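Note sheet for the following structure.
Values quoted throughout were computed directly from the atomic coordinates according to the rules given, and no laboratory measurement underlies them. This is a predicted model, so every value here is computed, not measured. Reconstructed Cβ throughout: ideal geometry from the backbone, glycine too, with neighbour counts over all protein chains shown.
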Amino acid sequence: METAGAWGAVMVNAKDIAIAKDLLGRVAAFTEVFSFKLFGSRARGGGSIDSDMDIFIVVPELTPELDKRISEAAWQTGLENDIVICTVVCTPEDLERAGFRGSPFLNAIAREGVAV
């Protein structure tokens, strides 16, 4: 799958997109998802077979129980696909906090993230 980024077209492995969509389906089965993006080396098209998969998820409200369910879904999806999936989960309110808003981390996700 090819997707346009800030620096032009980036090739994202179709299998990576399929795995991310699988995880999105699992998470969406138990909570509303505002945003779900693949980011990091796999989104840039530079990931190796040993690279982990980084997923950024925005949900309406984040409780410890929900965070655990999302982590378990990521673990199960990763186990079934022989890949480590790392999730960063936050709420819209988290995105507005002064320490998070405009951070290099969020800027990188905005620049290179691939919406699933």
Among T77, T31, T87, the residue with the largest mean-square fluctuation in a Gaussian network model of the chain built from Cα contacts under 10 Å is T31
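Mind putting a number on the dipole of the chain about its Cα centre? Charges go on the C-beta only, +1 for Lys and Arg and -1 for Asp and Glu, and I need it in Debye to the nearest 20.
Here the chain has a charge dipole of around 280 debye.
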For the stretch 48-116 the GluC sites (Glu not before Pro) that pass both the DSSP coil test and the at-most-14 other-Cβ-within-10 Å test are E61
Within the set D50, D82, D16, GNM on the chain using Cα springs under 10 Å gives the largest fluctuation to D50
DSSP beta bridges in the chain: the antiparallel percent, rounded to 5, is 65
Among (1) 20, 16, 13; (2) 21, 19, 11; (3) 30, 15, 11, the entry matching semi-axes √(5λ) of the Cα gyration tensor in Å as calculated here is (2)
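Rounded if a/c is under 1.5, else prolate if a/b beats b/c, else oblate: with a ≥ b ≥ c from the C-alpha gyration tensor eigenvalues square-rooted, which is the stretch 73-116?
Taking the square roots of the gyration eigenvalues as a ≥ b ≥ c, the stretch 73-116 is prolate.
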